[in-house]
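What follows is a single structure, written as structure tokens, with notes after it.
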Amino acid sequence: MSSALLSLLVTALVVASVIDDAEAFTSATRNSSLHHRVQIDSRRHHNQCSSLLSSKISDSNNTSHNKWIRRQARHRGTQPQKIPFVATSTSGHDGTIALDLTSVTATQQVLEICKSNDISTIVSTVGTIFTECDYKVNAASGHVAKAVASSKDVHINKFIFIGNSQRVRNVCNNISSLQEYARGKEESEQLIQEEMGNSGSLNCCIVRPTFIYGGDKFGWNPPRLPAKFGEIIEAFFGLYPVQALSEVLPDILGVAFEAPVNVEAVADSIVNVVVGLDNSFSLDTREDIVMAASRRTYGRFDVDSEESVHTRREELKLCLSKHAKEFTPEQNFAMLEELEMLKPVSTRPTSDRNLNGRWEFCFDVEPDVGTGFIKDLFEGEDGFMRRILDFQGVHMEIGNEQSTIQLVVSVAIFQKPITVILHTSLVPAPTNPEGTMFLEKFEGIEVNGLRLWYPNAWKKSRYLEFSYLDDAFAVARGSGGEPHFLLRGSS
């Protein structure tokens, strides 16, 4: 929700100021620690010619051949889900199995690895770019899928592959040094979908990001953008006007204006597909990837009684509403997720009238770059742009049987008060058994009572989830983003 909120706020301020006249490509698992939902016990070891072979989910302690991905459930009383896996790399460094995908025996070697380690899922993150073997390496995953589907000795039931978006491929096909890369990726996608799709017990998922950022270093080959810079660029390029501009530009320019995606979101989405929390056959957009990454189970903790659940729930709400400044953003985030897990089973916000009313944003809890920027604007007499732009308040009003939202932003530009209202509509998401997910559609902007014209390209839909709701508090996530803590306000 943070990127959506920042998008709406910045869009509103641009409009208000006018009135006032005042892939590239990176591997999704290379050199990046996976916080939040995925943690690898040893340091990252994949290189561009690498693939992750994930074996059957198990609760056993360890084996001599398998390292563990621990799917971290950071909630009290839950147990991490252990996923043993075998990793390969070109050189076999850091305990991985050496695998040269340019070798004529590469496919057979993969089959032998699968057979000897009882592999059930293959996650392919392989890729090279600007090399002589671009086609061969990038097409190798497809040939592996073809061999796996016809083999009687291995039992693969899922194949996950990182491809690229159609716009990226269109650009690559028009640049001679990238054509072999694009041809290899396209061939792999086609073979994986054909071979895995034709087999009744097998399925596949193609993940198609544009540009992936993450880690802490800049790089050229492969292209790499550190997380701190990537988060800022993602927030800016996620704005409605920038998205609209990207869609109308030719591919070679439009790709440059598409919002990038965090490597952690790509990795989390893959793990959620592996463990079955997401059953998508393809993740074609940044929003698809982020939504898949946000999937989580709702469940109860190992507690003695309902009274214990209630007590812990009240403790969390007190900490978040009154003492958030005393905790780190990571601690607040963990408490928000624990509160989500303690959501009463009977609560279904999509049909609960209790969702209607005024809600205040608790910015002290927010952990992300978008709301951090907004918070900086709020705080301190000498805060950023305070003398020019003075935020006086922002709240959300939900009404009409939880079918409309008004995001009300009160600001002063050069001491002139301006009220901006952003209108969106809500409908329950079509596939949401928990009753927590809406589709939110942008419907218009109003400034000081004047309804403004806006291009149809801005009239987009986003996912909006209310993952916790009671009489006084709510937790909301927009488009699979970080959670926002909302406090019931007075009308």
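The values are calculated or read from the model by the stated rules, or taken from the named source; none is laboratory data. Every value quoted in this text rests on a predicted model; they were computed, and no experiment measured them. Note that we place each Cβ from the backbone using ideal geometry, even for glycine, and neighbour counts take in every protein chain shown. Just the protein is used for accessible areas: all its heavy atoms, side chains included, with ligands, DNA and RNA removed. Shrake-Rupley method; radii C 1.70, N 1.55, O 1.52, S 1.80 Å.
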Where a ≥ b ≥ c are the square roots of the eigenvalues of the C-alpha gyration tensor, would you call the stretch 106-179 rounded, which needs a/c under 1.5, or, failing that, prolate if a/b is larger than b/c, or oblate? prolate
Note down the accessible area of SER150, probe 1.4 Å, to the nearest 10 Å². 90 Å²
Along the charge dipole of the stretch 210-356, which of VAL263, PRO241, GLY230 sits closest to the positive end, that is, farthest toward it, with unit charges on the beta carbon of Lys, Arg, Asp and Glu (+1, +1, -1, -1)? PRO241
If you split all Cα-Cα distances of the stretch 231-312 into 5 Å bins from zero, what percentages do you get per bin, shortest first? 3, 13, 17, 15, 12, 13, 10, 7, 5, 3, 2, 1
Normalising by the residue count of the stretch 190-295, find the relative contact order in percent from Cα pairs under 8 Å and 6+ residues apart. 30 percent
For the stretch 165-310, with all protein chains present and a 1.4 Å probe, just round the carbon and sulfur fraction of the accessible area to a whole percent. 54 percent
Just want to confirm a number: the relative contact order over the stretch 86-137, from Cα pairs under 8 angstrom separated by 6+ residues, in percent. 24 percent
Checking the table LYS136/LYS185; LYS115/LYS146; LYS136/LYS158; LYS416/LYS459; LYS115/LYS185 against a 19 Å threshold on Cα-Cα, which pairs fail? LYS136/LYS158; LYS416/LYS459; LYS115/LYS185
DSSP loop (so not H, G, I, E, B), at most 13 other Cβ within 10 Å: list which trypsin sites (Lys or Arg not before Pro) in the stretch 91-181 pass both filters. LYS152
Candidate cut points under chymotrypsin sites (Phe, Trp or Tyr not before Pro) in the stretch 397-442, DSSP loop plus at most 15 other Cβ atoms within 10 Å of their own Cβ, are PHE414
Report the accessible area of CYS204, computed with a 1.4 Å probe over the heavy atoms of all protein chains in place, in Å² rounded to the nearest 10. 10 Å²
With an 8 Å cut-off on Cα pairs and a minimum separation of 6 or more residues, tell me the relative contact order of the stretch 151-224 in percent. 42 percent
Solvent-accessible area per residue for the stretch 152-275 (1.4 angstrom probe, square angstrom): 43 Å²
